[in-house]
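**Q** Dropping the structure in here first, questions after.
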Amino acid sequence: MAALSPIAAKAGPERVVSLNLCTDQLVLALLPPERIAALSFLAADPGLSAMADQVGSIPLVQGMAEEVLPLKPDLVLVGTYTTRPTVALLRARGVAVMEVGLVNDFDGIRAQIRSIAAALDVAARGEELIARMDATLAAAAPSADDTRRLRVLSLAPGAFTAGAGTLSDAVMRAAGLTNYAADKGLDGYGYLPVETVAADPPDLLIANSDEKGHPSLNGQMLTHPALSRAVPATARPTVPGKLWTCGGPFTADAVALLAAARNRLLSTRVSP
């Protein structure tokens, strides 16, 4: 995604706390550091957060109420599944809490950016993020007369994958690709046996282990010899999970990476 202009200080909540990886990243994209009282500890993990390099000296918390209350926040952003006892206690103490759900497509990302930007009183900044995201999506989209559809499969350890109705599915479709898991009938999240993939291999395979030096049997499945034979290394693009685990303006970068992989593969195939 193209570089954004510097964030200007505005009116609105002055001591914002985020307790969720997805809201962390949107808060970082929308607010200047002086208006952020704390983020979750996950925000600074470069393997998980697309905005980790923007955290700087912003305090990080584990998500416990005893960490948050002394910060005297005027708004706390949480996810639907953020520690419920903490959320309940903050509300009982009169702290303003905004719950933010998961998104499964780019319309959802746009709506979520606008909702959070409005709560933070930075609506113009939100529109700038959306415009940059949309420009990246437009640049990555196949031409209207290009109807070629390659199948792509994203596999996590244990053969976990994302089917129809998920953000991963929306990313794949935006790049002009067909989601292999959805094509196999999977709705939402689930598992695909290695045998199924090996017998009918996708055109592209994204194998995201994110194990950080801690190998597991589930992770080793991604290097199974049957998969290696079925999908060559040249058809295994790198699309970091941090770009599309949470929905945000950076998710368009996942589309751009997939579109580039699609175009590379198609360029090697002779048209009938």
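**Q** Return the total of residues in the range 228-262 being over 14 Å from LEU21 (Cβ atoms), among the hydroxyl-bearing types (Ser, Thr, Tyr) and within 19 Å of the chain's Cα centre (by Cα).
**A** Qualifying residue count for the region: 1.
**Q** On to the next question. Cβ-Cβ under 6 Å, sequence separation 6+ or interchain: first residue in the range 220-233 and in the same structural domain as ALA198 (by TED's automatic domain parsing) and of a type in the set (Lys, Arg), partner part of a helix (DSSP H, G or I) and at pLDDT below 80. Which pairs?
**A** Close Cβ pairs (under 6 Å, with a partner that is part of a helix (DSSP H, G or I) and at pLDDT below 80) do not exist here.
**Q** Grab the strands (runs of 3 or more DSSP E) fully contained in the range 125-188, keeping just those with 2 or more residues being among the aliphatic types (A, V, I, L, M).
**A** In the range 125-188, 150-155 are the strands (runs of 3 or more DSSP E) which contain 2 or more residues that are among the aliphatic types (A, V, I, L, M).
**Q** Taking the criterion of being touching a Lys or Arg at 6+ places or on another chain (Cβ under 8 Å), polar (S, T, N, Q) and either over 20 Å from GLY247 (Cβ atoms) or at pLDDT 95 or above (or both), would at least one residue in the range 44-53 satisfy it?
**A** yes
**Q** With the requirement that a residue be out of contact with any Cys (no Cβ under 9 Å at 6 or more places or on another chain) and under 14 Å from GLN25 (Cα atoms), what does the range 102-111 give you?
**A** Residue satisfying the conditions is ILE109 alone.
**Q** Contact list please: Cβ distance under 6 Å, first residue in the range 30-42 and in contact (Cβ under 8 Å) with a residue 40 or more places away in the chain, second residue assigned to a helix (DSSP H, G or I) and of a type in the set (D, E, K, R), pairs at least six apart or on different chains.
**A** LEU30/ARG125
**Q** Right, another one. Any idea which of ILE109, ILE113 is assigned to a helix (DSSP H, G or I), under 24 Å from ARG262 (Cβ atoms) and in the same structural domain as VAL68 (by TED's automatic domain parsing)?
**A** ILE109
**Q** I'd like the full set of residues that are at pLDDT 95 or above and either closer than 19 Å to LYS72 by Cα or more than 16 Å from the chain's Cα centre (by Cα) (or both), limited to the range 4-27.
**A** PRO13, GLU14, ARG15, VAL16, VAL17, SER18, LEU19, ASN20, THR23, ASP24, VAL27
**Q** Could you list, in sequence order, the residues of the range 64-80 that are free of Cβ contacts under 8 Å to residues at least 40 places away in the same chain, exposed (fewer than 13 other Cβ atoms within 10 Å of the Cβ) and either assigned to a loop (DSSP other than H, G, I, E, B) or under 26 Å from the mean Cα position of the chain (by Cα) (or both)?
**A** THR80
**Q** Right, something else. I'd like the residue in the range 38-57 that is within 15 Å of VAL17 (Cα to Cα) and among the polar types (S, T, N, Q) and, out of all such residues, is surrounded by the most Cβ atoms within 10 Å (Cβ to Cβ).
**A** Here the residue is SER40.
**Q** Which of the residues spanning the range 216-239 are at pLDDT 90 or above and surrounded by 14 or more Cβ atoms within 10 Å (Cβ to Cβ)?
**A** VAL231, ALA235, ARG236, PRO237, VAL239 - these are the residues of the range 216-239 that are at pLDDT 90 or above and surrounded by 14 or more Cβ atoms within 10 Å (Cβ to Cβ).
**Q** On to the next question. Could you check the range 82-109 and list, in sequence order, the residues that are at pLDDT 95 or above and surrounded by 17 or more Cβ atoms within 10 Å (Cβ to Cβ)?
**A** THR86, VAL87, LEU90, VAL95, VAL97, VAL100, VAL103, ASN104, ASP105, PHE106, ILE109
The values are calculated or read from the model by the stated rules, or taken from the named source; none is laboratory data. Just so we're clear, the structure is a prediction, and the values are computed from it rather than from any experiment. Every residue, glycine as well, gets a Cβ built from its backbone with ideal geometry; the counts of neighbours run over all protein chains shown.
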